[in-house]
1. Note the direction-averaged projected area, equal to a quarter of the hull surface, for the Cα convex hull of the range 104-175, in nm².
2. Compare the peptides 49-61, 118-130 by average per-residue count of other Cβ atoms within 10 angstrom and give them in order, highest first.
3. How do Cys36, Cys100 stack up against each other in accessible area, from largest to smallest, with a 1.4 angstrom probe?
4. In Å and on Cα atoms, what radius of gyration and Dmax does the range 20-69 show?
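The values are calculated or read from the model by the stated rules, or taken from the named source; none is laboratory data. Bear in mind that the values here come from a model prediction, so they are computed numbers and not experimental data. With ideal geometry, Cβ positions are generated from the backbone for all residues, glycine too; neighbour counts draw on all protein chains shown. Heavy atoms of the whole protein, side chains included, go into the accessibility calculation; ligands, DNA and RNA do not. Shrake-Rupley method; radii C 1.70, N 1.55, O 1.52, S 1.80 Å.
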Amino acid sequence: MGVRSRKKSRNKSRYRIASKRRKASAKRKINPNIECSAVRAEWDKRKPASTNVSNMGLVYNLSKIGLSGIKSTREALLGGRSKTGGKPTTAVKQLEEEVCSKAQSEKPGIRLTNAQVEYATAMLDKYGDDYKAMTRDPTNYFQDTSKQIERKIKLFTDNPRYFVPYLRKKGMLKS
């Protein structure tokens with residue numbers, strides 16, 4: 001049996017290429033790619049990230065500030081305002097406006113399956129607000145209690161995506 005021959009040349013390191021890669025990664029750390037336009041406008045490339053963030057009135061590292069006595073995370077994140085004189089900067093104002101607009105644009109309520117919607121509409125049509133009678137109904141396959149049925153119907157009635165068409169179909173709401 002013969003011995004396997006090995007490659008005789010040694011591994012060569014490409015030092016120049018490795019140093020280019022290190023420089024590129026260091027540059028990315030100093031000047032990261034910022035997606036938020038409000039933060040990007042206020043960012044100073046000559047300063048480190050922690051200084052930039054604190055100058056904007058935000059907190060760079062949450063573990064370094066004492067969170068005792070702070071009631072909400074919003075107060076914690078905006079805790080760096082003391083360095084900017086207590087006034088919110090333009091970046092903070094724009095970030096707050098974005099958060100408020102996103103909160104308003106979100107659709108309210110959770111999604112229900114077609115079976116849940118049909119169950120709730122059938123029970124409301126048949127019994128109205130009598131949840132005790134709903135528990136004795138033969139279509140109550142899961143043997144829900146009156147409180148469970150009440151919660152399911154409350155989910156249906158609190159969600160305008162499902163409840164408004166039901167009211168229109170019943171003629172209680174004009175289109």
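1. Over every viewing direction, the Cα hull of the range 104-175 projects on average to 5.5 nm².
2. Per-residue Cβ counts within 10 Å, averaged per peptide and sorted highest first, yield 49-61, 118-130.
3. Largest accessible area first, the list is Cys100, Cys36.
4. So, for the range 20-69, Rg and Dmax equal 13.2, 47 Å respectively.
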